[in-house]
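K.L.:
Have a look at this one before I ask anything.
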Amino acid sequence: MTRPRTRTQRVVFQPTTYQGMQSGINQMIDAIRPTLGPRPRNVAVNDALKSKIEILDDGGSIARRIISLPDRDADVGAMYLRHMLWRLHEDVGDGTATAAVIFQTIFNEGLRYITAGGNAQRIRHYLEQGMRLILDTLSTMTAPVEGKAELAKIAQTICYDPPMAAMLGEIFDIIGEYGRLELRAGRSRALEREYVEGMYWDGGLVSREMIADAKEQRTVFENAAVLISDLDIEEPQHMVPALFVALKTGARAILIIGQRFSDKAKGFMIANNDSEKMRIMAVKTPQYGQDQIDALQDLAALTGGRPFVRATGNTSLDDLKPQDLGRVRRAWADTRYFGVVGGKGDPRALRQHIADLRAAHRNASDPAVRQKLRQRLGKLMGGSATLWVGGVTERDIDLRKTFAARTAEALRGALTDGVIIGGGAALLSCRPALWAKLAESADTDEQAAYRMLIKAMETPARTLIANAGGDAGEVLAAVEMAGPGWGFDINTEQIVDMAQAGIFDVAAVQKAAVHSAIASAALALTVDVMVHHKKPETSTNP
């Protein structure tokens, strides 16, 4: 017999609040800590509902799989941390393990100090003050990244897959930070890549009879006019103004973009597709809703045409003028996509359009919005590539695709914001600035906060070394002797100049990890009371 049972509402005060949160936070981080570094230990996640085991070494994904802890007090701490790590994962794609161990050090050290009589709000203030100092120090260390060799080295520190790192380094050297990269399941065990000239969108030919090259299953026009619209073309005469204006401008080929074409309209275009007078192909308007409007605006900026959009009342082509048609050096389409090469729009207007999109990308806080803006920039700036990810099994392919996506996101950040020395060495180099502030301070709470931050800046390097099987204390002593900019190369097990060894981290990722960890830990230290609401659950006990 099944009967409902209700958990009662409960208010939890100190010291139970801190004890519960600390337990949940430490359980979550102890599951993530082994994944930090180039020699990580993996975490097995048992999905009982799907009857499968996942092997993960990404802190964000591991945190996402942990949906609750049995102890309700501990669960509050675990879910607080989970939210922070997954948001970081969505924002920059990496850095979650680094953020986790920094968070743990600050929270545990802060908790020890506060329970001994320290002031939580003052500690939070000084931790956030020190965080800004660390971020400023990291900014002074940031250097630009150039060339596929440097990009490949950075990729290697993220995916730990040399062939994939080399290929992604080459790809991003070609397509740039905003370039379009598609990841697809491979056709063999190897990695393969393909580059596409120009820009392309979803939305293929409306009829297979428009395919000119049967072998390649595509049609290519040179020096084509472009009609940009989201209109429904019902009658053949609706297209006549566009064909007449295209002929008048000297074009001998036209790409017509529309939402829907009737059978009569398709038949008219196929019957009048004359290689001597006017070649015609029609494709579907890409995307839906706001994404469709954005795509049409981008096409207009690129080709110099005017979009005919139903939402703005432009439903008729009768008043079409020569300047309303876009022009491109080449247009192509197959049954799935269409693309343009060498858009002939106004260069100044296109540069302004790209600048506006870049500004919107910088200011966007929503990861989904940032991704869409980046994809639009990639199309406009002309870089596109496809990476086929091969493997032995389907699970192997899925895992490599996940690594490739994570690495690609980090490489975009490296190209945009530069790199800093890796292996935790950059964070170690932040300690002198913190020591200086500690020496200047006469405030007990401020001194405590800076001591916490100094210890936290050592934690990633200590964890990397410990995960690789080394003695963290012994190795860090040798690093201190070597001087600033030196660190421990996990792969060679040598103390090296990190910059000369080509060991880098993405500056944006490290800054995001530091900011998320310190700000979130400082806030968590101010939680004084927990309130558990009533939550019905089902009991199967008779």
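The values are calculated or read from the model by the stated rules, or taken from the named source; none is laboratory data. For clarity, every value in this text was computed on a predicted model and none was experimentally measured. So basically every Cβ, Gly included, is an ideal-geometry build from the backbone, and we count neighbours across all protein chains shown.
K.L.:
Specify the residue that is farthest from LYS248 (Cα to Cα); the eligible residues are those in region 317-371 that are among the polar types (S, T, N, Q) and touching a residue at least 12 places away in the same chain (Cβ under 8 Å).
P.N.:
Checked region 317-371; the qualifying residue farthest from LYS248 (Cα to Cα) is THR335.
K.L.:
Okay, next question. Please identify the pairs in which a residue from region 470-488 that is in contact (Cβ under 8 Å) with a residue 24 or more places away in the chain has its Cβ atom under 7 Å from the Cβ atom of a residue that is exposed (fewer than 12 other Cβ atoms within 10 Å of the Cβ), counting only partners at least 6 apart or on another chain.
P.N.:
Qualifying pairs under 7 Å: none.
K.L.:
Which members of region 297-315 meet the condition of being touching a residue at least 24 places away in the same chain (Cβ under 8 Å) and of a type in the set (Ser, Thr, Tyr)?
P.N.:
THR303, THR315
K.L.:
Out of the residues in region 140-159 meeting the condition of being in contact with a helix residue (DSSP H, G or I) (Cβ under 8 Å, 6 or more places away or on another chain) and among the small types (Gly, Ala, Ser), tell me which one is surrounded by the fewest Cβ atoms within 10 Å (Cβ to Cβ).
P.N.:
The selected residue is GLY147.
K.L.:
With the structure loaded, tell me whether LYS248 is of a type outside the set (A, V, I, L, M, F, W, C) and touching a Ser or Thr at 6+ places or on another chain (Cβ under 6 Å) or whether it fails that test.
P.N.:
On the way: of a type outside the set (A, V, I, L, M, F, W, C): yes; touching a Ser or Thr at 6+ places or on another chain (Cβ under 6 Å): no.
For LYS248, the condition - of a type outside the set (A, V, I, L, M, F, W, C) and touching a Ser or Thr at 6+ places or on another chain (Cβ under 6 Å) - is not met.
K.L.:
Before we move on, is THR17 at pLDDT below 90 and among the hydroxyl-bearing types (Ser, Thr, Tyr)?
P.N.:
Criteria not met by THR17.
K.L.:
Testing SER316 on (1) surrounded by fewer than 14 Cβ atoms within 10 Å (Cβ to Cβ); (2) of a type in the set (S, T, N, Q); (3) under 39 Å from the mean Cα position of the chain (by Cα); (4) in a loop (DSSP other than H, G, I, E, B), one condition comes back false. Which one is that?
P.N.:
(3)
K.L.:
May I pose another question? Report, by residue number, each residue of region 216-265 that is part of a strand (DSSP E or B), under 27 Å from GLY289 (Cα atoms) and basic (Lys, Arg).
P.N.:
ARG260
K.L.:
Take LEU464 and decide whether it is closer than 18 Å to LEU36 by Cβ, buried (at least 16 other Cβ atoms within 10 Å of the Cβ), of a type outside the set (Gly, Ala, Ser) and over 29 Å from the mean Cα position of the chain (by Cα). Spell out how you get there, then give the answer.
P.N.:
Working: closer than 18 Å to LEU36 by Cβ: yes; buried (at least 16 other Cβ atoms within 10 Å of the Cβ): yes; of a type outside the set (Gly, Ala, Ser): yes; over 29 Å from the mean Cα position of the chain (by Cα): no.
No: the conditions fail for LEU464.
K.L.:
Answer yes or no as to whether ILE67 is assigned by TED's automatic domain parsing to the domain that holds ASP30, surrounded by fewer than 16 Cβ atoms within 10 Å (Cβ to Cβ) and at negative phi.
P.N.:
Working: assigned by TED's automatic domain parsing to the domain that holds ASP30: yes; surrounded by fewer than 16 Cβ atoms within 10 Å (Cβ to Cβ): yes; at negative phi: yes.
It is true that ILE67 is assigned by TED's automatic domain parsing to the domain that holds ASP30, surrounded by fewer than 16 Cβ atoms within 10 Å (Cβ to Cβ) and at negative phi.
K.L.:
Quickly run through region 421-440 and pick out the residues that are of a type in the set (Lys, Arg) and within 17 Å of GLN510 (Cα to Cα). Show your work before the answer.
P.N.:
Filtering region 421-440 down to residues of a type in the set (Lys, Arg) leaves 431, 437.
Of everything in region 421-440, just one residue is of a type in the set (Lys, Arg) and within 17 Å of GLN510 (Cα to Cα), namely ARG431.
K.L.:
Suppose the filter is within 30 Å of VAL341 (Cα to Cα) and not hydroxyl-bearing (Ser, Thr, Tyr); does LEU377 pass it?
P.N.:
Details: within 30 Å of VAL341 (Cα to Cα): yes; not hydroxyl-bearing (Ser, Thr, Tyr): yes.
Against the criterion (within 30 Å of VAL341 (Cα to Cα) and not hydroxyl-bearing (Ser, Thr, Tyr)), LEU377 qualifies.
K.L.:
Checking GLY289 against (1) without any contact (Cβ under 8 Å) to a residue 60 or more places away in the chain; (2) surrounded by 21 or more Cβ atoms within 10 Å (Cβ to Cβ): exactly one of these is not met. Which one?
P.N.:
Condition not satisfied by GLY289: (2).
K.L.:
Quick one: what pairs do we get from region 58-80, first residue farther than 27 Å from CYS159 by Cα, second of a type outside the set (Phe, Trp, Tyr) and part of a loop (DSSP other than H, G, I, E, B), C-beta under 6 Å, 6+ apart or different chains?
P.N.:
Close Cβ pairs satisfying both conditions: ASP75/SER68; ASP75/LEU69.
K.L.:
Got at least one residue in region 259-278 being touching a Ser or Thr at 6+ places or on another chain (Cβ under 9 Å), at pLDDT below 95 and under 30 Å from GLN352 (Cβ atoms)?
P.N.:
The answer is yes, given that some residue of region 259-278 is touching a Ser or Thr at 6+ places or on another chain (Cβ under 9 Å), at pLDDT below 95 and under 30 Å from GLN352 (Cβ atoms).
K.L.:
Follow-up question, since we're still on this one. Does GLY267 satisfy being surrounded by 22 or more Cβ atoms within 10 Å (Cβ to Cβ), out of contact with any Cys (no Cβ under 7 Å at 6 or more places or on another chain) and not aliphatic (A, V, I, L, M)? Spell out how you get there, then give the answer.
P.N.:
Details: surrounded by 22 or more Cβ atoms within 10 Å (Cβ to Cβ): no; out of contact with any Cys (no Cβ under 7 Å at 6 or more places or on another chain): yes; not aliphatic (A, V, I, L, M): yes.
It is false that GLY267 is surrounded by 22 or more Cβ atoms within 10 Å (Cβ to Cβ), out of contact with any Cys (no Cβ under 7 Å at 6 or more places or on another chain) and not aliphatic (A, V, I, L, M).
K.L.:
Go through the residues of region 382-393 one by one and say whether even a single one is part of a helix (DSSP H, G or I) and either surrounded by fewer than 20 Cβ atoms within 10 Å (Cβ to Cβ) or in the same structural domain as ARG462 (by TED's automatic domain parsing) (or both). Steps first, answer last, please.
P.N.:
Here is the first cut: in region 382-393, the residues part of a helix (DSSP H, G or I) are none.
No: region 382-393 contains no residue that is part of a helix (DSSP H, G or I) and either surrounded by fewer than 20 Cβ atoms within 10 Å (Cβ to Cβ) or in the same structural domain as ARG462 (by TED's automatic domain parsing) (or both).
K.L.:
Among the residues of region 78-120, how many are surrounded by 22 or more Cβ atoms within 10 Å (Cβ to Cβ) and of a type in the set (Gly, Ala, Ser)?
P.N.:
Residues in region 78-120 being surrounded by 22 or more Cβ atoms within 10 Å (Cβ to Cβ) and of a type in the set (Gly, Ala, Ser): 7 in total.
K.L.:
VAL506 - would you say it is buried (at least 23 other Cβ atoms within 10 Å of the Cβ), within 30 Å of GLN129 (Cβ to Cβ), among the β-branched types (Val, Ile, Thr) and in the same structural domain as LEU127 (by TED's automatic domain parsing)?
P.N.:
Judged against the criteria, VAL506 is a match.
K.L.:
(1) at pLDDT below 85; (2) on the phi > 0 side of the Ramachandran plot: which one isn't true of GLY342, the others all being true?
P.N.:
Every condition holds for GLY342 apart from (1).
K.L.:
Return the residues of region 149-169 that are under 12 Å from GLU409 (Cα atoms) and touching a Cys at 6+ places or on another chain (Cβ under 8 Å); say none if nothing qualifies.
P.N.:
LEU168
K.L.:
Is one or more of the residues making up region 323-333 assigned to a loop (DSSP other than H, G, I, E, B), assigned by TED's automatic domain parsing to the domain that holds ALA212 and touching a strand residue (DSSP E or B) at 6+ places or on another chain (Cβ under 6 Å)?
P.N.:
Yes, there is a match, as at least one residue in region 323-333 is assigned to a loop (DSSP other than H, G, I, E, B), assigned by TED's automatic domain parsing to the domain that holds ALA212 and touching a strand residue (DSSP E or B) at 6+ places or on another chain (Cβ under 6 Å).
K.L.:
Restricted to region 84-138, and to residues that are without any contact (Cβ under 8 Å) to a residue 12 or more places away in the chain and within 25 Å of GLN27 (Cα to Cα), which residue is farthest from the chain's Cα centre (by Cα)?
P.N.:
Result: ALA116.
Results for (1) within 13 Å of LEU36 (Cβ to Cβ); (2) at pLDDT 95 or above, shown as yes or no for each residue.
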site	(1), (2)
ILE454	no, yes
THR459	yes, yes
GLY469	no, no
PRO484	no, no
ASN491	no, no
ALA499	no, no
ILE518	no, yes
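K.L.:
Right, next: Have a look at ALA456, ALA426, ALA499 and point out the one that is surrounded by fewer than 23 Cβ atoms within 10 Å (Cβ to Cβ) and of a type in the set (A, V, I, L, M).
P.N.:
Unique residue meeting the criteria: ALA499.
K.L.:
Separate question: Please verify whether region 300-312 includes one or more residues that are over 27 Å from GLU197 (Cα atoms), under 41 Å from the mean Cα position of the chain (by Cα) and not in a helix (DSSP H, G or I).
P.N.:
Yes, because at least one residue in region 300-312 is over 27 Å from GLU197 (Cα atoms), under 41 Å from the mean Cα position of the chain (by Cα) and not in a helix (DSSP H, G or I).
K.L.:
With the condition being among the aliphatic types (A, V, I, L, M), I'd like the strands (runs of 3 or more DSSP E) fully within region 425-532 carrying at least 2 qualifying residues.
P.N.:
Ranges flagged: 494-497, 530-532.
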